[in-house]
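The values are calculated or read from the model by the stated rules, or taken from the named source; none is laboratory data. In this text, all values refer to a predicted model and were calculated from it rather than measured experimentally. Cβ placement follows ideal geometry from the backbone for every residue including glycine, while neighbour counts extend to all protein chains displayed. Just the protein is used for accessible areas: all its heavy atoms, side chains included, with ligands, DNA and RNA removed. Shrake-Rupley method; radii C 1.70, N 1.55, O 1.52, S 1.80 Å.
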Number of protein chains: 2
Amino acid sequence: MAQTIRELGEHGLLELIRPYCSDRIGDDAAMMGATLPEHEMVVTTDILVDGVHFSDRTTSAEDAGWRAAAANLSDLAAMGATPWGVVISLGLPPDTPITWVESVYQGFTDCLNLFGAEIVGGDTVRSPVLTLAVTAFGQVHKQRKIQRNTAKVGDVILITGQHGLSKAGLELLLHPELAEKLEQRFSATLTEAMIAKLHIMHQRPIPRLDVPLLLWKLFESQSPIANSSSQISGMDSSDGLADAIAQICRASQVGAKLNWQAIAIPESISQLAGDRALDWVLYGGEDFELVLCLPLTLAETLIKKLPSTTIIGEIIAEKKINGLDMYRTFQHFN
Amino acid sequence: MAQTIRELGEHGLLELIRPYCSDRIGDDAAMMGATLPEHEMVVTTDILVDGVHFSDRTTSAEDAGWRAAAANLSDLAAMGATPWGVVISLGLPPDTPITWVESVYQGFTDCLNLFGAEIVGGDTVRSPVLTLAVTAFGQVHKQRKIQRNTAKVGDVILITGQHGLSKAGLELLLHPELAEKLEQRFSATLTEAMIAKLHIMHQRPIPRLDVPLLLWKLFESQSPIANSSSQISGMDSSDGLADAIAQICRASQVGAKLNWQAIAIPESISQLAGDRALDWVLYGGEDFELVLCLPLTLAETLIKKLPSTTIIGEIIAEKKINGLDMYRTFQHFN
């Protein structure tokens, strides 16, 4: 029986992948139908490379697939959109085990299935390095786009969950000995549960597609908010919380006053990172939460429905962010 | 001044790329508006890897960019669609010269501009190998989709241009000494012009987006053909002429009777390839022409407007193709 992609051949590889894909596949391009009434199409793309964005030290093939899907769905969530379809291309060294490819597609579709999204196209090619290229497209109601250049002075800044956990999970995967720091502070059982949770936060982040859905429900049910749809700006925090705030401020030509007390530092992160804990929270990245700027009344309504969300500051006219270096962000080419 | 991507940094790289991109870029995803009335969206994707799909021996950075655009636009043409937008992601080793990146985007947009298409998104990441991942989406009128599973017995098989020229160009680029074969047969000037043309056929293939446009014009102007829109099936010949015919036959559950006299073997190919000339024409690939199956009357109308098109056979009920191995196609993983 074939063990590697080389032995399987191109025809066999296509047969292997087909069960994971929509029936739309089969022509030079996939037919997707028309946009929904009153909706617009949005599109986003990401490319992930072995040894740069994932590694078998920290990420199984299933997790690599999951994370590739999550990153792109998170971009759709950040626009206020719902998924329409996803295409995935793989670059594979010929000696790639068949099980690796199956696992990537399994993880990828596991994440898509959470949100009823499906693979509608792709390409598989030979490459010296494992590479995943994903493009996702979604649809958003004309009145409900979320963009990063519409934050207004007086808006509050809201985050949909905790930050730094993905970074903590990654550090624990790279340096398992770090767990001793947790063991000194917590009971062994608690420590094990914490480690497992932090691993999961890194390996299986959940894109916040639930947030726009909830927002639109609030719009529909609450007449005072009915006109607020264009009042939300924001983006996701995939490149870090600080980066998201800085990007929104730059695009909207505003500044931000952060309430540092409101930015939670989970105790596990305090223990692991010591005096770098706030760094992990602000610059860790890959938590895939949303950072939204919106009127206080709307934010309060959302928090009632989604208690994990927190107001962490407000938008101000002066183009600076208290205590934050606006240009310290991920550097991918160093 | 920065010479490489590492020196330029991520922010500098984004500044470098922005002039080539649509203003739609700037959020987590690009806003594309709604589909045109009566139209549906189609999507296609390709990934190209240095040393596998292009190489500095045969393809400049500009040509690599052009070919990446052409391959995806050709898939749209094969569906009968017009381009709506394109996203391109680059995997770059940190020591990639800045000029290489600029040249890729230049070649890529040169091809897009021919057809009024634009870059609406992308991603740039570090990778040990130069990688281009492209996703293109287009729109096609509901009544004018071209798919490969609707070929009907009695349809004629039509090709929109010559085949084997891209392969001939590639061979000349890899083995310049082959040119001597042409010199023995033709005058020196003629040989030079031939070589230049064959190089171009490999480096700058032109996707046949003109063909569906012309077909739809014919539909609109000629009442007897007005109902023929669902009568065209086909695909592009990017994986070779033989592969395209075989794929259409398999998807449509039919066979084909080819008229071998009608399949032109350009004299330059005869000279270069000797007794393998027909092989180059049938299996060479990457000519990016269209292979269409349609009623004879419609084909004849098209040929009058587009004399480069040729009828090369017809669709038959028996599931075989005379003289062609239906399973001999590109093998990408050997």
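Going down the table (B:LYS142/B:LYS305; A:LYS181/A:LYS319; B:LYS142/B:LYS304; A:LYS257/A:LYS304; B:LYS197/B:LYS304; A:LYS197/A:LYS304), which pairs top 32 Å between alpha carbons?
A:LYS181/A:LYS319
Could I have the simple spin-label model distance between A:ASP23 and B:LYS142, label points 7 Å from Cα toward Cβ, reported in nm to one decimal?
So the label points at A:ASP23 and B:LYS142 sit 1.9 nm apart.
Residues with beta-carbon under 9 Å from that of B:ALA251, excluding B:ALA251: net charge, scoring Lys, Arg +1 and Asp, Glu -1? Can you show the working numbers first?
Values: positive: B:ARG148, B:ARG250; negative: A:ASP27.
The answer is +1.
Among A:ASP287, A:ASP239, A:ASP56, determine the one that fluctuates most according to a GNM of chain A built with springs between C-alpha atoms less than 10 Å apart.
A:ASP56
Connecting C-alpha atoms closer than 10 Å in a GNM of chain B, tell me which of B:GLY85, B:GLY313, B:GLY274 has the biggest fluctuation.
Looking only at B:GLY85, B:GLY313, B:GLY274, the biggest GNM fluctuation is shown by B:GLY274.
If you put a point 7 Å past Cα along the Cβ direction, how far is that point for B:ASN259 from the same point in each other copy, in nm, smallest first?
Label-point separations across copies, in nm and ascending: 8.0.
Using the alpha-carbon centroid of each, what span in Å lies between region B:14-55 and region A:14-91?
For region B:14-55 versus region A:14-91, the Cα centre distance is 14 Å.
Given the DSSP H assignment, sum -39500 (n - 2.57) over each helix run of at least 4 residues in chain A and divide by its residue total; what's the result at 222 nm in deg cm²/dmol, nearest 500? Mind dumping the intermediate values first?
Details: 11 runs with 129 residues, N = 334.
Counting only the DSSP helices, I get -12000 deg cm²/dmol.
Can you tell which of B:ILE119, A:ALA179, B:LEU306 lies farthest toward the positive end of the dipole of the protein assembly as shown, using +1 and -1 charges on the Cβ of basic and acidic side chains (Lys, Arg; Asp, Glu)?
Of the candidates, B:LEU306 comes out farthest on the positive side.
Starting from a label point 7 Å past Cα on the Cβ side, list the distances from A:LYS217 to the same position in the other copies, nm, shortest first.
Nearest first, the other copies' label points are 5.3 nm away.
Give the cross-link partners of B:LYS320 among the aspartates and glutamates, using a straight C-alpha distance below 14 Å as the criterion and excluding same-chain residues fewer than 8 apart.
The reachable aspartates and glutamates, counting only those whose Cα sits under 14 Å from B:LYS320, are B:ASP243.
Using the Kirkwood radius over C-alpha pairs as Rh, can you work out the diffusion coefficient of region A:7-107 via Stokes-Einstein at 37 °C, viscosity 0.692 mPa s, in µm² per second? Don't skip to the end; give the middle numbers.
Working: Rh = 15.5 Å.
Rounded, D is 212 µm²/s.
Which value in Å does the Kirkwood hydrodynamic radius of region A:86-229 take, with 1/r averaged over all unlike C-alpha pairs and then inverted?
Numbers: mean 1/r = 0.0517 Å⁻¹.
One decimal place: 19.3 Å for the Kirkwood radius.
In whole percent, and with a 1.4 Å probe on the protein chains, what portion of the accessible area of region B:89-191 is carbon and sulfur?
Details: 1840 of 3780 Å².
After summing per-atom areas, the C and S share lands at 49 percent.
Summing Lys, Arg as +1 and Asp, Glu as -1, what charge do residues with Cβ under 14 Å from the Cβ of B:LEU8 carry, B:LEU8 excluded?
On the way: positive: B:ARG6, B:ARG18, B:ARG126; negative: B:GLU7, B:GLU10, B:GLU15, B:ASP95, B:GLU102.
Result for the neighbourhood of B:LEU8: -2.
Is there a simple number for the mean count of other chain Cβ atoms within 10 Å of the Cβ of residues in A:232-243, and what is it?
Details: counts 0, 1, 2, 3, 1, 0, 1, 1, 0, 0, 0, 0.
Shielding by partners across A:232-243 averages 1.
Work out the length of the dipole vector of region B:1-125 about its Cα centre, built from +1 on the beta-carbon of each Lys and Arg and -1 on the beta-carbon of each Asp and Glu, and round it to the nearest 20 debye. Kindly include the intermediate steps, with their values, before the conclusion.
Details: 5 positive and 19 negative charges, 32 e Å.
In debye, rounded to 20, region B:1-125 gives about 160.
Put the label 7 Å from Cα along Cα→Cβ for B:SER55; what are its distances to the other copies, in nanometres, shortest first?
Values, ascending and in nm: 3.1.
Wrap a convex hull around the Cα atoms of chain A, take a quarter of its surface area, and give that in square nanometres. Numbers along the way, then the final one.
Details: hull surface 75.5 nm².
Mean projected area for chain A: 18.9 nm², to one decimal.
What's the Kirkwood radius of region A:247-320 in Å, using all Cα pairs? Could you put the intermediate results ahead of the total?
Details: mean 1/r = 0.0713 Å⁻¹.
For region A:247-320, inverting the mean 1/r across all distinct Cα pairs yields 14.0 Å.
Take chain A, connect every pair of alpha-carbon atoms lying under 10 Å apart with a spring to form a Gaussian network, then pick out the residue of A:THR59, A:THR35, A:THR150 with the largest mean-square fluctuation.
Residue with maximal mean-square fluctuation among A:THR59, A:THR35, A:THR150: A:THR35.
Add +1 for every Lys or Arg and -1 for every Asp or Glu among the other residues with Cβ under 12 Å from the Cβ of A:ASP27, and state the total. Write down the numbers at each step before the final one.
Numbers: positive: A:ARG24, B:LYS145, B:ARG148; negative: A:ASP23, A:ASP28, B:ASP75, B:ASP236.
My count for the surroundings of A:ASP27 gives -1.
At 1.4 Å probe size, with no ligands or nucleic acids counted, give the accessible surface of B:ARG276 in Å², nearest ten.
130
Evaluate Rg over Rh across the protein assembly as shown, taking Cα atoms for both radii and Kirkwood's formula for Rh. Please report the intermediate quantities before stating the final value.
Values: Rg = 26.9 Å, Rh = 26.7 Å.
Ratio of gyration radius to Kirkwood radius: 1.01.
Using only Cα atoms, locate the centre of region B:284-316 and the centre of region A:125-177, then give the distance between them in Å, rounded to an integer.
When both Cα centres are located, 47 Å separates them.
So what is the diffusion coefficient of region A:48-112 in µm² per second by Stokes-Einstein at 20 °C and 1.002 mPa s, using a Kirkwood Rh over Cα pairs?
Working: Rh = 12.5 Å.
Answer, rounded: 172 µm²/s.
Answer with one residue from A:THR109, A:MET79, A:PRO97: the one whose Cα lies farthest towards the positive end of the charge dipole of chain A, charges on Cβ with Lys, Arg +1 and Asp, Glu -1.
A:MET79
Quick check for me: using +1 on Lys/Arg Cβ and -1 on Asp/Glu Cβ, what's the dipole size of the protein assembly as shown about its Cα centre, in debye to the nearest 20? Please list the in-between numbers first.
Working: 52 positive and 80 negative charges, 282 e Å.
In total the dipole reaches around 1360 debye.
About the Cα centre of chain B, how large is the charge dipole given +1 on each Lys and Arg Cβ and -1 on each Asp and Glu Cβ? Please answer in debye to the nearest 20. Intermediate values should be presented prior to the final figure.
On the way: 26 positive and 40 negative charges, 239 e Å.
Dipole of chain B, to the nearest 20 debye: 1140 debye.
Accessible area per residue, 1.4 Å probe, Å², for region A:257-324: what's the number? Spell out each step's value before the answer.
Working: 3110 Å² over 68 residues.
Value returned for region A:257-324: 46 Å² of accessible area per residue.
Chains B and A: how much accessible area gets covered up at their contact, both sides added, probe 1.4 Å, in Å² to the nearest hundred?
Numbers: alone 16140 and 16080 Å², together 26880 Å².
Using a 1.4 Å probe on protein heavy atoms, the buried area is about 5300 Å².
Using a basic spin-label model with each label point 7 Å from the Cα along Cα→Cβ, how many nm lie between B:ASN259 and B:ARG57?
4.0
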